[in-house]
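K.L.:
I am attaching a structure below and will ask some questions about it afterwards.
The values are calculated or read from the model by the stated rules, or taken from the named source; none is laboratory data. Predicted model, so just to flag it, every value in this text is computed and none were measured. Here the Cβ positions follow ideal geometry from the backbone for every residue, glycine too, while neighbour counts run over all protein chains shown. These area figures cover heavy atoms from the full protein model, side chains too; ligands, DNA and RNA do not enter into them. Shrake-Rupley method; radii C 1.70, N 1.55, O 1.52, S 1.80 Å.
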Amino acid sequence: MNVRQAVFDLLRRLGISIIFGNPGSTELPMFRSFPDDFRYVLGLQEAVVVGMADGYTQATGNASLVSLHSAAGVGNAMGNIFTAFKNHTPMIITAGQQARSILPYDPFLGSSDPTQLPRPYVKWSIEPARPYDIPLAFARAYFTAMLPPRGPVFLSIPADDWDQPSELVAERVVSTEIRPEPRIIERIGDALDQSERPVFVAGAGVDRNNAFDDVVRLAERHNARVWTAPMCARCGFPEDHPLFAGFLPAAREKIVALLDGHDLIFAIGAPAFTYHVEGHGRHVPPQATLCQLTDDPSTASWTPTGTIAVGSIRLGVLDLLSRSAPKQRAGPLPRDHGPMAEPSTPMTTAFVLQRLDKLRPGGSVVVEEAPTARHVMQACMTFTRSRSFFTMDSGGLGYGMPAAVGVALARPDQRVIAILGDGSSMYSIQALWNAAQLNLPIVFLILNNRRYAALQEFGPLFGFSHDESVPGTELPGIDFVAIARGLGCSALRVELPSELEPALARAFHSTGPVLIETTVA
Ligand SMILES: Cc1ncc(C[n+]2csc(CCOP(=O)(O)OP(=O)(O)O)c2C)c(N)n1
């Protein structure tokens, strides 16, 4: 039994059969005699490799495996490794290292401090002391990645280790959920029962912890209004539910104003709160107390006030549901919907997204990375199911396009729609090649406003005068149709509002990927 055989045997038992990677000489020995029941999915840049693996993991829930090339490959991947860490994506990231025997001579492509390179955005990082220990390191990597808070782990593997002797990893079962402390759940339950006007703030942790339906039951039982947490990377509550209030912005004073009037705020699977811009004063309204249920001890440690339970969102919510029913409260008023957008040339983002929402097939999944379109999307599109919406928790661009490919790989029976800004899509544009090669039924909708609008909108906040241009934010002259076709993906451009619905209808009938470049204001 050599290292390679023992590792592939373990991966098989862990339900991992895809390796997302970009190979180099130091990784090739892993892939000799490549087993028929495994698949290598090549990404043309390492940001694409990690983004695809992340999307795939978000959709399946099981850890994914990534293979990168030594220090340079890890460097290229780092932005999306940061995102995987923030996304709580369980991911085993391996990188090849030069052969042990030549490491003393600072060899070409050798990584001089491999375990430090991906830190602090991996939960665990190792280059095992002996080749013999590589399979055991894979097992520990897997269980570390899958234990809460989930996240990426890193293994550096010298090229000559794969043929060395080792042995099979023993079978074991390791818990993947930790139940929150009953004493703290009791306190939160009592606070909920005593509250006159409770409000929930649901975050990405709800969907990641498979607690979507349980949180709906808890909100209904307490007649609590439910907001989506700021910058939330998943759909945490059905947006057509009468209790749904809308989306909190990532700004302290605005959050306090929107939550004003409630006496209890319960953040579930969400930081309390994620801020994007500086703010001052209170974190919650003066008459309100804060409770939180999070699976992330680090998040719990900085929550500024309140009662905080750490552990599985699902198990914590089930414990709250097992309490006796609280007194009846009046339900809040349902939220308003925005008006229909009018056609115009160029089109507005609202017009494009309303038509998209109308025409998209039931059961479709959306992956979004379009900074200034996010709040328009929230007003124009409605997500109602678990695992129906994905974006990243990090703010690092270059995730959405490859993540859409990963989600589509995991969900061959569902239509995946990627809503992307022109700027965002260019960070990992090579993912179009994967969509084409794998013939995945993805609709890539590019909202081309020919600029980094988010940064231009931020200008005044950072002291730019209103007519002052922000350097480095204009993106003229990018032809997405030509790029897509050059990468083998069919594509069309929509400039007139009358062309939009036929283009969407055509794309939704396609069995392979289609990129639609829309010219928007
Ligand atoms: C890796 C990375 N680099 C730079 C940024 C800064 N950034 C935030 S939004 C943005 C513009 C994105 O442009 P686009 O996708 O066209 O969306 P728009 O702002 O026009 O809505 C940039 C560059 C970032 N968030 N991540």
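K.L.:
Would you mind stating whether residue 185 is outside any strand (DSSP E or B), touching a residue at least 60 places away in the same chain (Cβ under 8 Å) and buried (at least 21 other Cβ atoms within 10 Å of the Cβ)? Even if it seems obvious, please write down each step before you answer.
P.N.:
Values: outside any strand (DSSP E or B): yes; touching a residue at least 60 places away in the same chain (Cβ under 8 Å): yes; buried (at least 21 other Cβ atoms within 10 Å of the Cβ): yes.
So residue 185 passes the test.
K.L.:
Taking the criterion of being free of Cβ contacts under 8 Å to residues at least 24 places away in the same chain, in contact with a Leu (Cβ under 6 Å, 6 or more places away or on another chain) and either surrounded by fewer than 17 Cβ atoms within 10 Å (Cβ to Cβ) or over 30 Å from residue 405 (Cβ atoms) (or both), would at least one residue in region 321-329 satisfy it?
P.N.:
The initial filter retains those residues of region 321-329 that are free of Cβ contacts under 8 Å to residues at least 24 places away in the same chain, namely 322, 324.
Retained after the next criterion (residues that are in contact with a Leu (Cβ under 6 Å, 6 or more places away or on another chain)): none.
Checked against the condition, which is being free of Cβ contacts under 8 Å to residues at least 24 places away in the same chain, in contact with a Leu (Cβ under 6 Å, 6 or more places away or on another chain) and either surrounded by fewer than 17 Cβ atoms within 10 Å (Cβ to Cβ) or over 30 Å from residue 405 (Cβ atoms) (or both), region 321-329 yields no hits at all.
K.L.:
Can you say whether residue 289 is open to solvent by 60 Å² or more (accessible area, probe 1.4 Å) and in contact (Cβ under 8 Å) with a residue 12 or more places away in the chain, as far as the supplied structure shows? Outline the logic, then answer.
P.N.:
Details: open to solvent by 60 Å² or more (accessible area, probe 1.4 Å): yes; in contact (Cβ under 8 Å) with a residue 12 or more places away in the chain: yes.
So residue 289 passes the test.
K.L.:
Okay, next question. So which helices (runs of 4 or more DSSP H) stay within region 360-472 end to end and still have 1 or more residues that are touching a helix residue (DSSP H, G or I) at 6+ places or on another chain (Cβ under 9 Å) and of a type in the set (A, V, I, L, M, F, W, C)?
P.N.:
Per the criteria, 374-380, 400-410, 431-437, 453-458.
K.L.:
Next question, about the same structure. Could you grab me the full set of residues in region 100-131 that are more than 28 Å from residue 394 (Cβ to Cβ), open to solvent by 70 Å² or more (accessible area, probe 1.4 Å) and assigned to a loop (DSSP other than H, G, I, E, B)?
P.N.:
Passing the criteria: 106, 108, 129, 130.
K.L.:
Here's a follow-up. One residue is enough: does region 384-394 have a residue meeting the conditions within 19 Å of residue 80 (Cβ to Cβ), among the polar types (S, T, N, Q) and either in the same structural domain as residue 65 (by TED's automatic domain parsing) or within 10 Å of the ligand (Cβ to nearest atom) (or both)?
P.N.:
yes
K.L.:
Since residue 47 meets every condition but one in (1) in contact (Cβ under 8 Å) with a residue 40 or more places away in the chain; (2) part of a helix (DSSP H, G or I); (3) closer than 27 Å to residue 165 by Cβ, which condition does it not meet?
P.N.:
(3)
K.L.:
Follow-up. Could you pull out the residue among 55, 75, 15, 96 that is crowded, with 24+ Cβ neighbours inside 10 Å and either in a helix (DSSP H, G or I) or free of Cβ contacts under 8 Å to residues at least 60 places away in the same chain (or both)? So that I can check it myself, show each step before the final result.
P.N.:
Values: 75 fails: crowded, with 24+ Cβ neighbours inside 10 Å; 15 fails: crowded, with 24+ Cβ neighbours inside 10 Å; 96 fails: either in a helix (DSSP H, G or I) or free of Cβ contacts under 8 Å to residues at least 60 places away in the same chain (or both).
Criteria check complete, one pass: 55.
K.L.:
Between a first residue in region 366-377 that is assigned by TED's automatic domain parsing to the domain that holds residue 415 and without any contact (Cβ under 8 Å) to a residue 60 or more places away in the chain and a second residue that is assigned to a strand (DSSP E or B) and near the ligand (Cβ under 8 Å from one of its atoms), which pairs have beta carbons less than 8 Å apart while being 6 or more apart in sequence or on different chains?
P.N.:
From region 366-377, the pairs are 368/420; 369/420; 369/421.
K.L.:
Further question: When you check residue 364 against the structure, is it touching a strand residue (DSSP E or B) at 6+ places or on another chain (Cβ under 6 Å), more than 16 Å from the ligand (Cβ to nearest atom) and either over 25 Å from residue 231 (Cα atoms) or of a type in the set (S, T, N, Q) (or both), yes or no? Steps first, please.
P.N.:
On the way: touching a strand residue (DSSP E or B) at 6+ places or on another chain (Cβ under 6 Å): yes; more than 16 Å from the ligand (Cβ to nearest atom): yes; either over 25 Å from residue 231 (Cα atoms) or of a type in the set (S, T, N, Q) (or both): yes.
For residue 364, the condition - touching a strand residue (DSSP E or B) at 6+ places or on another chain (Cβ under 6 Å), more than 16 Å from the ligand (Cβ to nearest atom) and either over 25 Å from residue 231 (Cα atoms) or of a type in the set (S, T, N, Q) (or both) - is met.
K.L.:
I'm checking my understanding of the structure. Among residues of region 493-521 that are part of a loop (DSSP other than H, G, I, E, B) and of a type in the set (S, T, N, Q), which one is least open to solvent (accessible area, probe 1.4 Å)?
P.N.:
In the first step, residues of region 493-521 are kept if they are part of a loop (DSSP other than H, G, I, E, B); the result is 495-496, 510-513, 521.
Checking which are of a type in the set (S, T, N, Q) leaves us with 510-511.
On the way: 510: 33, 511: 110 Å².
Checking each candidate, the answer is 510.
K.L.:
Moving on to the next point. Of the residues that sit in region 445-461 and are surrounded by 15 or more Cβ atoms within 10 Å (Cβ to Cβ) and more than 10 Å from the ligand (Cβ to nearest atom), which one is nearest to the chain's Cα centre (by Cα)?
P.N.:
It comes out as 445.
K.L.:
In region 462-479, what count of residues is obtained for those that are surrounded by 10 or more Cβ atoms within 10 Å (Cβ to Cβ) and away from the ligand (no atom under 11 Å from the Cβ)? I'd like the intermediate steps shown before the answer.
P.N.:
Here is the first cut: in region 462-479, the ones surrounded by 10 or more Cβ atoms within 10 Å (Cβ to Cβ) are 464, 468-470, 473-475, 478-479.
From the residues that got through so far, the ones that are away from the ligand (no atom under 11 Å from the Cβ) too are 464, 468-469, 479.
Number satisfying all stated conditions: 4.
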